[in-house]
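Have a look at the structure below before the remarks.
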Amino acid sequence: MHHRDFVHLWSAETVSQVGTQVSMLAIPLMAIKVLHASTFQVGALTAVEFAPFLIVGLPAGAIVDRVRRRPVMMICDLGRAASLASLPIVHAFGALSMWQLYVVVFANGVMTVFFDVANMSILPSLVDRDQIADGNAKLEVSRSGAQVAGPGLAGLLVQWIGSVTAVLVDAVSFVGSAVFLSFIRTAEPPVEKHPPGMRPRLRTEIREGMAYVWHHTMLRPIAFCTATSNLFSSMISAVYIVYAVRELHYAAGTIGLTFVFGGAGAVIGALVCARVTRPFGVGPTIVWSIFVSGIGMLLVGLAPRSSAFAWFVVGWALFSFTGVVYNVNQGSLRQVITAPRLQGRMNASMRFMVWGTMPFGALIGGALGTAIGLRPTLVVAGIGGMLAGFWVLCSPVRTLREMSDGPTTSGVEDTLVH
């Protein structure tokens, strides 16, 4: 493993993830408390945030495969910092509106699409193939740690300096991430060269990536499984904070604490992922972890008002723990079985399929929250989340024991041990 450069990537991820947790709480609270947004408007805000994964997700993969990944990541970091910094500036002039929030979260979403595709694609060039799962687990430790520290920090910041000013912390974190990325020196695999005028059209390369995922006996069920889970989890995301503020009358700090204590499950999941995977095997772990994740989602909806905080903590902890175990295993599997030249398109195609359901989930959550109430919407979403695991349960994924170092792309059966 190229330890120094991986540490730089890891540090960049850690800094930006902590900052992102601040915006995840501060921006919805900005809409709810500063702009007095309706339930549907808050749901629409979440939908707009994830819409870029549906709109630009596929071309992003083909574009990333044509260029070096590190400069793409740095440009996206600096662009996200600038867009977030615009919120307190405009607010200072009394001109903040829901439309600006929509524009900012959409712009950030576009840059996040490119950043995430490049990030997933650069890791295999920084570590050896047999260390990919370990590298992903370490990155998950950062994401999980951010889920623990970030919401608590966000809640305190929002109560102390207000939701508008708090987003500056996220802006600064993206600048810090870009600085760490600038220290990476490992050469990336050369970009595939074509004779002048012979490069395939972008549309052709996009189609190649989608076809690879769609016809793959492992990737397609994983995509459907994750897409289903994301559909229903985004329904919860769209109404959870509204429910906590308007029906339970939680302060920002209390909401942050539900994520802090719940996020501890993600940290534990990242630390023990290899240990809990070993006795079951990769495939069975993917299956059971996504089912248990759905149970965690359901507990959030079933929480009685008298002890809602405790139920939220347990539900989020269970969801976070199993979500990390699931993501480390399925993400590493995807990287191991895909050739370097297809990494960007594979990741973008997967992101298009699995994140593309989230805008619809957020809109459905906002509409249902308005029509049937916030808590019933949380229950419906939890039940739906439990159904996601049937995609991988009824596929060859369930028999997979371990990943090996064999050839990639063609003959996936040659790369896996059953």
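Overview of values
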{"read-out": "Relative contact order %, the range 259-340, counting alpha carbon pairs below 8 Å whose residues are six or more apart", "value": "47 percent"}
{"read-out": "Most mobile listed residue (I75, I372, I290) in the chain, GNM with C-alpha springs under 10 Å", "value": "I372"}
{"read-out": "0 to 90° range, to nearest 10: angle between helix 282-302 axis and the chain longest Cα axis", "value": "10 degrees"}
{"read-out": "Using alpha carbons only: equivalent-ellipsoid semi-axes of the chain, gyration tensor based, whole Å", "value": "33, 25, 20"}
{"read-out": "Rounded tilt (10° steps) of 343-355 against the dominant C-alpha axis of the chain", "value": "30 degrees"}
{"read-out": "Largest-first ellipsoid semi-axes for the range 281-334, taking √(5λ) over the Cα gyration tensor eigenvalues, angstrom", "value": "26, 9, 6"}
{"read-out": "Of V328, S97, L168, farthest towards positive along the dipole that unit charges on Lys, Arg, Asp, Glu beta carbons give the chain", "value": "S97"}
{"read-out": "With Cα atoms, 0 to 90° folded angle of helix 358-372 axis to the chain main axis", "value": "30 degrees"}
{"read-out": "Backbone HN-Hα couplings from phi across the range 237-252 [Karplus 6.51/-1.76/1.60, Hz, Gly and Pro as x]", "value": "4, 5, 10, 4, 5, 4, 4, 5, 7, 8, 10, 9, 6, 6, 7, 4"}
{"read-out": "Charge dipole (the chain, unit charges on Cβ, about Cα centre) - positive-most of G209, L87, I290", "value": "G209"}
{"read-out": "Alpha-carbon radius of gyration plus Dmax, which is the widest Cα pair, for the range 340-380 in Å", "value": "15.5, 48"}
{"read-out": "Charge dipole magnitude, Cβ of K and R +1, D and E -1 - the chain, Cα centre, debye nearest 20", "value": "340 debye"}
{"read-out": "Kirkwood Rh and Cα Rg combined as Rg/Rh, the range 320-393", "value": "1.08"}
{"read-out": "Heavy-atom accessible area order for H215, H91, largest first, 1.4 Å probe", "value": "H215, H91"}
{"read-out": "Rounded D (µm²/s) - the range 76-134, Kirkwood Rh over Cα pairs, Stokes-Einstein at 20 °C, 1.002 mPa s", "value": "159 µm²/s"}
{"read-out": "Whole-number Å³ per residue for the convex hull built on Cα positions in the range 264-365", "value": "111 Å³"}
{"read-out": "Segment V67-H215, length gained on full extension (0.36 nm per residue, minus Cα span)", "value": "50.7 nm"}
{"read-out": "Convex hull projection area averaged over all views, the range 23-181, Cα basis, nm²", "value": "9.9 nm²"}
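The values are calculated or read from the model by the stated rules, or taken from the named source; none is laboratory data. Just so it is clear, the model here is predicted, and its values are computed rather than measured. A quick note on method: Cβ atoms are made from the backbone with ideal geometry, for glycine too, and the neighbour counts reach across all protein chains shown. Only protein heavy atoms, including side chains, enter the accessible area calculation; ligands, DNA and RNA are left aside. Shrake-Rupley method; radii C 1.70, N 1.55, O 1.52, S 1.80 Å.
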